[in-house]
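The block underneath contains the structure these notes are about, expressed in structure tokens.
The values are calculated or read from the model by the stated rules, or taken from the named source; none is laboratory data. As the structure is a computational prediction, the values presented were derived from the model and not from experiment. Because the Cβ atoms are built from the backbone with ideal geometry, glycine has one as well, and the counts that use them run over all protein chains shown. Only protein heavy atoms, including side chains, enter the accessible area calculation; ligands, DNA and RNA are left aside. Shrake-Rupley method; radii C 1.70, N 1.55, O 1.52, S 1.80 Å.
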Amino acid sequence: MIVLGIESSCDETAAALVNDKKEILGEALLSQEEHKAFGGVVPEIAARSHLDHIDGILEQCFAKTGLTLKDIDAVAAASGPGLIGGVVVGVMTAKALSVALDKPFVAVNHLEGHALAARISNDVTFPYLLLLVSGGHCQILVVKDVGQYERLGTTIDDAVGEAFDKVAKMLGLGYPGGPAVEKLAATGDETRFTLPRPLIGTPDCNLSFSGLKTAVRKIVETYSPDGEIAHAYIPKQDIADICACFQYTATECLCRKLGKAVAYFKQKYPSGRNIVVSGGVASNTYLRAKLKKLADDNGLLFAAPPIRFCTDNGVMIAWAGLERFRKGFVSPLDFKPRPRWPLDADAPKAAGAGGVKA
């Protein structure tokens, strides 16, 4: 079984071919550079870029594989959530191929792509506890099966990846900011500044990063003569220290809340044996090390996708499409792309309005 996956939900145009032996037969990806000048993704620019490059990406995906479009069994596309202009490009391309080839179309929730990505290269069985962290999403879920999710907690404001990017912007580190913050944090003193840990004492598994981001901004403002954000006044070592303290605090918030979820997970799902992290922020090696320790301390196994498959890519969409297709989940051609699509939309909610309580 071979599935073609298309990803275009944000600023990566990607495609991949994956089979049911977990083999990646072909892949291609273009990361849009146009957004760096703006310090973030501009939706209209992203959509136009997807439209300009999607055909070339498909050609690159098939190049040197010895396969043709007629060899695939289904075509999958990230159909939401995401920037709707880009999502439409991927979905319409997939539908066109579906009609032309008379092959099934599989609409994939972009978040499910992240949620299932660790299963490509790891021995991860259902159910498992998932920390999904990216620039736009921050959730703690139980992955019970393909299409079956129980959300235990989420951010009430900013996603942690968004906070990384905004802190990087304050410090003049460019976009995307996560890798730059992690690199400088490795040379900084993570104990120098005391930063707030929003919601750390609440009994639920929800998260908040807006106050943490604001606290960093106030520190940055103290270096400027007029109190405005001006990173040019901050010594290089101080920037590294700020990065280290921010990364340490954000990671502690994630681990503390995930620790609460572990207690619930082990009680309700005693057969579960994995803690999985996925999403763009899962490429942060500091966070991975802390999560592995959390898993070890609780007698669970830690798993994550290879770093190159943490950020948006075609492989995760192809794999999620394959997992859905072999369970018989085929989408109608009138499926509408969705700017918002909660992963647990049809799943049972956790106990209490604020999520599971330890």
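So the label point goes 7 Å from the Cα of Met92 along Cα→C-beta, right? Which residues of segment 33-75 then have their backbone N under 14 Å from it?
From segment 33-75, the list is 47-55.
Which stretch or stretches of segment 235-264 have amide N atoms under 14 Å from the point lying 7 Å from Lys183's Cα along the Cα→Cβ direction?
Under 14 Å, as judged by backbone N against the label point of Lys183, lie 240 of segment 235-264.
Restricting to DSSP H runs of at least four residues, report the calculated mean residue ellipticity at 222 nm for the chain, -39500 (n - 2.57) per run over all residues, nearest 500 deg cm²/dmol.
Taking each H run of at least 4 residues, the total per residue is -12500 deg cm²/dmol.
Using a 1.4 angstrom probe with every protein chain in place, what is the largest-first accessible-area order of Leu51, Leu69?
Leu51, Leu69
Using a ≥ b ≥ c from the Cα gyration tensor of segment 302-345 (square roots of the eigenvalues), is it rounded, prolate or oblate, where a/c under 1.5 gives rounded and otherwise the larger of a/b and b/c decides, a/b for prolate?
Prolate, since a/c reaches 1.5 and a/b exceeds b/c.
Based on the mean of other beta carbon atoms within 10 Å per residue, what is the order of 111-124, 13-26, most packed first?
My ranking of the peptides, most packed first, is 111-124, 13-26.
Compute the length gained on full extension between Ala100 and Glu59: take 0.36 nm times their separation in residues and subtract their Cα-Cα distance, giving the result in nm to one decimal.
So the chain would gain 13.1 nm between Ala100 and Glu59.
So with the 1.4 Å probe, I'd like the accessible area per residue for the chain, rounded to whole Å².
42
Expressed in nm to one decimal, what extension gain is obtained for the pair Ala230 and Ser271 from 0.36 nm per residue of sequence separation less their Cα-Cα distance?
So the extension gain works out to 9.6 nm.
Under 12 Å from the Cα of Lys21, which aspartates and glutamates turn up, not counting those fewer than eight places away in the same chain?
Answer for Lys21, where 12 Å is the Cα cut-off: Glu323, listed by chain and number.
Relative contact order for segment 109-181 using alpha-carbon pairs under 8 Å, separation at least 6, rounded to a whole percent?
After rounding, I find 20 percent.
Could you look at the chain and say what percent of its accessible area is carbon and sulfur, using a 1.4 Å probe and all protein chains?
54
Farthest toward the dipole's positive end in segment 67-178, which of Asn122, Val91, Gly80, given Cβ charges of +1 (Lys, Arg) and -1 (Asp, Glu) about the Cα centre?
The listed residue farthest towards the positive side: Val91.
Taking the Cα centroid of segment 238-283 and of segment 322-343, what is the distance between the two, rounded to the nearest whole Å?
One Cα centre to the other: 29 Å.
Just need the relative contact order of the chain here, percent rounded to a whole number, with Cα pairs under 8 Å and 6+ apart.
Here the relative contact order equals 25 percent.
So which DSSP H runs in the chain come out at 27 Å plus along the axis (Cα) with average Kyte-Doolittle of at least 1.0?
none
For the chain, what proportion of DSSP beta bridges, expressed in % and rounded to the nearest 5, is antiparallel?
Antiparallel bridges: around 60 percent, rounded to the nearest 5.
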